Amino acid sequence: MTEFHLTGFRHEKTAEGLRLSCDVRDGTSVRELVYSIAGSPSELLPPQSADWALVGLFLPAMMQGRSIKIDAPISRELLYNANNDLQALFKVWRPRVKPIKIEASSSDPSFANEGRMATGFSGGIDSFATLILNEEGAGANEIGALTIFDVGAFGKDAAACEPIKERSKQRLKQLAEKTGRDWFAVDTNLDDFFRGLFQSSFQRTHTMRNASAALALQSHVDIYGISSSFAYTDNMFSGTDISKIDPILLPLLTTGAFRFVSAGASLSRQEKTRLVSTYEPAFDTLDVCIAAAEFRSDVTNCSNCPKCRRTLVALDALGRLESFKNSFDLDLYRENREAAAKTIFAAANASMSNRELRDLIKGTELEPKMGLRDHFKGLKIKLRAKVKAL
Ligand SMILES: [Zn+2]
């Protein structure tokens, strides 16, 4: 395989803010990698290194066994880890990736870290929990900025997803303004470089994609909290979601000046839900839905997808359902409540969060009466999760 040659790094001011780009040469073809940044600061500054491009293309390169040559500076610590520990980690997690060599035109030592922390805000349980845990001096660092990144999360059908993306952006701006924080939005075409590669789905790769966008903000941010989806107590090397290895992966993406933290990994999903269930700013804005765009263009949460159902059952068990009546369709949930509870019981062995949720509703009026057919369904769910993880 020919190498990726990253060259022609440039940045220009645009009406929205700043556009970073470079050419990605691979043998005879050239593709442009583009990151468009918008944000609340009056002047948006480009990063001093090309760390964002290296982290963005690191997995596509390992998946294809392409070495990377970069005609721009890379932070010394990141360059070392990208040639060593990062590759060793991904080799354990995804055995089919191939070793590669990474060269940069120069490598800089660390600059000072000023402790400016930012975190992604999607409106979900994990990101609300991160805000609560870092509120007013409660955490190690105060969160000074909220971000939204389009690195592939909004799906491939751009037209269908545009309204949802816009709604997420407006929600981010409103919350940032209300709480006196800065905000940043980064739009990228990074997804194009993952498309068609083996095991390159968003779920399997999102930490690297988001870290890459965060590194594009290096001139404004020094610490980036990636809200954990799993707790330390979860089994790290099982399943398909890359978040499982975040506690090991994120320290390896540090540049010296820029640090990543796994925010909220000390809490389980249900502990976070309990925390968020009494947090007033979340009542009307909580957004956990994973349904396709057409099911949630009018409402924030479809109230019927697996994630909506699980969250609603948890809120119900905590006696907090009514507070979230503007975020969900509670009538629809009540119609499906028994079926939702049955699925949780049946799938209790498929994931830790399901197991925890089952324990929460056991012995309450929410506990379903399980028939033989329901148990059978559980076996199927467990099997499907095992096959998916292969
Ligand atoms: Zn949903």
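Rounded to two decimals, what is Rg over Rh for the stretch 163-282 when you use alpha-carbon atoms and the Kirkwood radius?
Rounded to two decimals, Rg over Rh is 0.97.
If I model a spin label as a point 7 Å beyond the Cα along the Cα-Cβ vector, how far apart are those points for Glu142 and Leu379 in nm?
Calculated label separation equals 5.7 nm.
Extension gain Phe198-Glu365, at 0.36 nm per residue separation less the Cα-Cα distance, in nm?
55.6 nm
Structure shown: which of Lys91/Lys169; Lys244/Lys307; Lys169/Lys362; Lys98/Lys244; Lys69/Lys173; Lys98/Lys380 lie over 27 Å apart, alpha-carbon to alpha-carbon?
Lys91/Lys169; Lys169/Lys362; Lys69/Lys173; Lys98/Lys380
So if I restrict to the alpha-carbon atoms in the stretch 12-147, what is the Rg, and what is Dmax, the biggest pairwise distance, in Å?
17.7, 53
Which GluC sites (Glu not before Pro) from the stretch 1-64 combine a DSSP loop assignment with at most 15 other Cβ atoms within 10 Å?
Sparse-neighbourhood loop GluC sites (Glu not before Pro): Glu16, Glu43.
Report the normalised scattering of the stretch 100-242 as log10 I(q)/I(0) at q = 0.17 Å⁻¹, calculated by the Debye formula with identical scatterers on the alpha carbons.
After summing over all Cα pairs, the log10 values are -1.12.
In the stretch 106-214, which trypsin sites (Lys or Arg not before Pro) are in a loop and have at most 14 other Cβ atoms within 10 Å, using DSSP for the loop call?
In loop regions of the stretch 106-214 (DSSP not H, G, I, E or B), the sparsely surrounded trypsin sites (Lys or Arg not before Pro) are Lys156, Arg195.
So which chymotrypsin sites (Phe, Trp or Tyr not before Pro) in the stretch 195-277 pass both tests, a DSSP loop state and at most 16 other Cβ atoms within 10 Å of the Cβ?
The qualifying sites are Phe198, Tyr232, Phe237.
Would you mind classifying the chain by shape? Square roots of the alpha carbon gyration tensor eigenvalues, ordered a ≥ b ≥ c; an a/c under 1.5 is rounded, otherwise it is prolate if a/b is larger than b/c and oblate if not.
Verdict is prolate for the chain.
Under a point spin-label approximation (7 Å from Cα along Cα-to-Cβ), what is the Lys69-Ile248 distance to one decimal in nm?
My value for the distance between the label points is 3.3 nm.
Could you tell me what a quarter of the Cα convex hull surface of the stretch 275-377 works out to, in nm² with one decimal place?
6.8
Please work out how much length the chain gains when fully extended from Phe237 to Ser107, using 0.36 nm per residue of separation minus the C-alpha to C-alpha distance, in nm with one decimal.
43.6 nm
All of the numbers you see were taken from the coordinates with simple rules; none came from a lab. In this text the structure is predicted, and so the values were computed from the model without any measurement. For neighbour counting, all protein chains shown are included, and Cβ atoms are generated from backbone atoms with ideal geometry for every residue, glycine included.
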